Amino acid sequence: MGRMEGKVAFLTGGGAGIANATAKAFVREGAKVALFELNAETGEKAAAEIRAAGGEAIFVKTDVTQDESVRDAVAATITEYGRLDVIMNCAGGALQEDVPVHRMDLDVWQRTIALNLLHPFLCCRHAIPHMIEAGGGSIINFASHLGLKGSEKPAYAASKGGIMSFTQTLAAQYAEYGIRANAIAPGAVRTERAIKRWENKEWLLAENPTPAARARMALQKLYPFSIGEPEDIAAIAVFLGSDESRMITGSTIAADGGRSSYIKVQPLE
Ligand SMILES: NC(=O)c1ccc[n+]([C@@H]2O[C@H](COP(=O)([O-])OP(=O)(O)OC[C@H]3O[C@@H](n4cnc5c(N)ncnc54)[C@H](O)[C@@H]3O)[C@@H](O)[C@H]2O)c1
């Protein structure tokens with residue numbers, strides 16, 4: 001029996017990256033999934049791949065920054081599967097134009113906050129009544145190692161810092177309904193978008209990791225380029241989505257190979 005047998009989950013941004021890997025992991029563990037994705041091509045393809053492998057998945061074209069679009073996507077999930085147990089608010093990212101505050105366009109700040117912070121609020125707003133009806137559930141939000149402290153991307157860091165406190169509030173407000181809320185704060189993860197962003201980085205192109213590349217994570221032996229895989233994050237999401245994590249709520253799990261807590265020390269003798 002799978003670790004998420006009988007559960008229904010939606011994942012935002014399921015057409016690519018971490019949410020795509022997690023949707024597949026959820027289905028392997030017995031869940032049915034709805035992919036809320038803006039890109040119709042990747043969203044439909046991802047759902048079709050899951051179905052071809054024998055799983056249950058639907059694609060719902062959704063703009064997660066728009067209230068009505070999220071409302072309709074949640075309704076479509078309920079129509080298809082009749083319940084909702086796990087929601088993973090994963091779509092997100094930073095814009096290139098997220099530059100120091102006095103040079104940033106207002107629009108860049110607003111778009112970043114809409115994607116990374118308004119979107120989880122909208123998903124919770126429409127999903128929570130159904131989770132209450134189901135007798136409980138698990139909310140999985142996405143922060144970042146860049147939200148655990150300040151970063152050179154002010155809007156992104158603020159949105160990811162905000163999501164952690166929003167997660168704690170959700171945990172407190174909905175505990176009595178059996179709803180848990182946690183966040184994952186990944187370090188660098190090898191997704192297509194991230195690779196595009198890094199394509200000019202010499203340290204990534206080198207055949208062997210440079211000392212600078214290695215120095216970004218504590219777990220250097222496992223991650224010599226200091227980059228994790230989407231499946232690493234998916235495994236944590238399965239744990240948070242399943243009842244195995246039933247004692248955990250209000251937490252942000254740093255999944256960054258020790259990057260956020262790493263102080264360089266001499267190797268042990
Ligand atoms: N990849 C990393 O290195 C990294 C590091 C730290 C945090 N994160 C966070 O993890 C999460 C997932 O990142 P990823 O790298 O897998 O992202 P990704 O860019 O690979 O995938 C994001 C998906 O979201 C979709 N999307 C974008 N805007 C949307 C919208 N308005 N409505 C619906 N779908 C939309 C995209 O089409 C894409 O399929 C994000 O919240 C990101 O901030 C990622």
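Restricting the calculation to Cα atoms, region 128-269 shows an Rg/Rh of 1.04 when the hydrodynamic-style radius is the Kirkwood one.
For the chain, the convex hull spanned by the alpha carbon atoms encloses 149 Å³ per residue.
Sequence-ordered 3J(HN,Hα) estimates for region 88-105 from the Karplus curve with 6.51, -1.76 and 1.60 and θ = phi - 60° stand at 10, 8, 10, 3, x, x, 10, 9, 4, 7, 7, 10, x, 3, 6, 10, 7, 5 Hz, glycine and proline given as x.
Helix 17-28: angle to the longest alpha-carbon principal axis of the chain, degrees 0 to 90, nearest 10? So the helix axis and the longest Cα principal axis differ by about 50 degrees. Measuring nothing but how far apart in sequence close Cα pairs (under 8 Å, 6+ apart) lie, relative to its length, region 1-86 scores a relative contact order of 30 percent. With contributions of -39500 (n - 2.57) from each DSSP H run of at least four residues, the per-residue ellipticity at 222 nm computed over the chain stands at -12500 deg cm²/dmol. What does the charge add up to near residue 70, with Lys and Arg as +1, Asp and Glu as -1, over the other residues with Cβ less than 15 Å from its Cβ? With Lys, Arg at +1 and Asp, Glu at -1, the neighbours total -2.
Based on Cα contacts under 8 Å between residues 6+ apart, the chain shows a relative contact order of 19 percent. Between residue 243 and residue 172, the FRET efficiency estimated from the beta carbon spacing at R0 = 22 angstrom works out to 0.60.
Place a point 7 Å from Cα of residue 66 in the direction of its Cβ. Which residues in region 107-145 have their backbone N less than 20 Å from it? Counting backbone N atoms under 20 Å from the label point, the list is 107-108, 110-127.
Past 29 Å, Cα to Cα: identify those pairs from 24/153; 32/201; 24/196; 153/196, in the order given. The answer is 24/153; 32/201. Bridgeable aspartates and glutamates around residue 61 (alpha carbons under 16 Å apart, same-chain partners fewer than 8 residues away excluded): 37, 41, 44, 72, 80. Computed from Cα positions, the angle between helix 119-134 and the longest principal axis of the chain comes to roughly 40 degrees. Each part reduced to its alpha carbon centroid, region 90-154 and region 2-62 end up 20 Å apart. Remark on residue 255: its backbone amide H falls under 5 Å from those of 185, 187, a criterion applied only to residues 5 or more positions apart or on other chains, H modelled at 1.01 Å from N.
FRET efficiency for residue 107 and residue 219, Cβ-Cβ distance as r, R0 = 51 Å, nearest 0.05? Before the final figure, lay out the partial values.
Working: r = 38 Å, r/R0 = 0.75.
The pair residue 107/residue 219 has a calculated efficiency of 0.85.
Based on the Cβ-Cβ distance from residue 52 to residue 263, what FRET efficiency comes out when R0 is 35 Å, to the nearest 0.05?
Values: r = 47 Å, r/R0 = 1.34.
Efficiency, rounded to the nearest 0.05: 0.15.
Annotation: amide H of residue 59 within the under-5 Å range of 35, sequence separation 5 or more or interchain, hydrogens built in the peptide plane.
Tell me, rounded to the nearest percent, the portion of alpha carbon pairs in region 2-75 spaced more than 20 Å apart. List each step's numbers first, then the result.
Working: 599 of 2701 pairs.
Summing the P(r) of region 2-75 above 20 Å gives 22 percent of all pairs.
Hey, what's the Kirkwood Rh for region 127-174 if you take every pair of different alpha carbons, in angstrom? Write out the running numbers ahead of the final one.
Details: mean 1/r = 0.0840 Å⁻¹.
It is 11.9 Å.
Tilt of helix 67-81 relative to the longest C-alpha principal axis of the chain, in degrees (0 to 90, nearest 10)? So the helix axis and the longest Cα principal axis differ by about 60 degrees.
The numbers here are math on the coordinates, done by the rules we state, and not lab data. These numbers come from a predicted model, not from an experiment. As a convention, Cβ positions derive from the backbone with ideal geometry for all residues, glycine included, and neighbour counts pool all protein chains shown.
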